[in-house]
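Notes follow the structure.
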């Protein structure tokens, strides 16, 4: 909403006024969309840390107070009472579903778990066994539209008409693609989904069942996985979500846009944080340490403590508080296959919670610390961690695509830049570039390298 207050900017002896925009939670922004046309200036904000790229009604974060809300509902309330699928409906459509809406939505997701049989051939040689699951996931999510062409007209009105079907289809098939990518990479037979299993249970079934042995996860394991997905469903304008919105702004369809989101999430600075936690624990274990020496090294700057602190949350990550309790339950369930890395993780957690060095710096365990250790305890390999992140983030990506697509006043994203390269300079012909003048033959030979022979070039034996 707009405020009567305006911001004043003085440039070159002239004063310009720009509106102040105030969000529903009180955050303020200066509306500078006319800055360049008014003044000839643009702003420079590398990394967009101080730039609002859009107005959105999906998720709110207060990093100072450790608050996270989906459509106005605190994450703590959703974690205690809701499920990933209900949370997905809330994020995508804006309201909690009625019983009928919930039933219809759940059934639509459950019915769409199978992949088109032609797609199954992708897992039979189209990708090498060395392919990363995120590469496969991005490729096949984009390919899904080819098997449902009526959903990818690239005409906004028509794409929105089929949005409900496309959203349910993506939510369902993303976990099937993920599970089959895992099994292909490990040389395991592909396991088909079952219609009588819940969302997270079905994923674990496709991951760990064998033709001769059905995998039945413990309820606490299923709930923990569902909770991880719910807590990752959206997180405001992060790198991958901003990528989805930018691609969507061009008019690209939902499948192409979320595929781009997967690529952005793949980066180690975004979706790879929980992988870094496990790699840290493995390094500590390899050194024969229980975590004690590592903690002391981290306090002196000689080691980097992964999975603690957060760029956005200046106090405690609210998602970490929720997952901490789930981690306790999962560790008890998986006690028979106790992993020494989990003992080290607990040691680090206890030390960081009680040591004044970490408390004073707000270096508490974050969501990546707990999600990484839970996924490790469940039995997922490290290269599947980011894939699970992508499955969880799918509702948010879908909701943000819809928000962009449904905006009649939306514009294609086109950031500006401050050019710092060479000013205008002359073109120098190749024969004069190395301090000596080449002959016509030598110049023609130099220009033809990499492009085939020049018509006029002759070659010496």
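Structure values in brief
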quantity: Subset tally (residues that are more than 24 Å from residue 254 (Cβ to Cβ) and without any contact (Cβ under 8 Å) to a residue 40 or more places away in the chain) for segment 75-96; calculated: 3
quantity: Count of segment 411-452 residues which are under 49 Å from the mean Cα position of the chain (by Cα) and either surrounded by fewer than 10 Cβ atoms within 10 Å (Cβ to Cβ) or part of a loop (DSSP other than H, G, I, E, B) (or both); calculated: 25
quantity: Single match in 66, 72 (criterion: at pLDDT 95 or above and on the phi > 0 side of the Ramachandran plot); calculated: 72
quantity: Boolean, residue 115 is buried (at least 19 other Cβ atoms within 10 Å of the Cβ), in the same structural domain as residue 189 (by TED's automatic domain parsing) and under 24 Å from residue 311 (Cα atoms); calculated: no
quantity: Enumeration of residues in segment 1-53 that are assigned to a strand (DSSP E or B) and closer than 21 Å to residue 313 by Cβ; calculated: 28, 29
quantity: Matching residues, segment 3-54, being within 28 Å of the chain's Cα centre (by Cα), at positive phi and surrounded by fewer than 12 Cβ atoms within 10 Å (Cβ to Cβ); calculated: 26, 47
quantity: When residues of segment 109-141 are limited to those that are closer than 21 Å to residue 165 by Cβ and modelled with pLDDT of 95 or more, the one farthest from the chain's Cα centre (by Cα); calculated: 109
quantity: Residue tally, condition closer than 17 Å to residue 358 by Cα and either modelled with pLDDT under 85 or not assigned by TED's automatic domain parsing to the domain that holds residue 275 (or both), over segment 313-336; calculated: 4
quantity: Sole residue being without any contact (Cβ under 8 Å) to a residue 60 or more places away in the chain, in contact with a helix residue (DSSP H, G or I) (Cβ under 7 Å, 6 or more places away or on another chain) and under 24 Å from residue 254 (Cα atoms), chosen from 102, 134; calculated: 102
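The values are calculated or read from the model by the stated rules, or taken from the named source; none is laboratory data. In this text, all values refer to a predicted model and were calculated from it rather than measured experimentally. Positions of Cβ are backbone-derived with ideal geometry, glycine not excepted, and every protein chain shown enters the neighbour counts.
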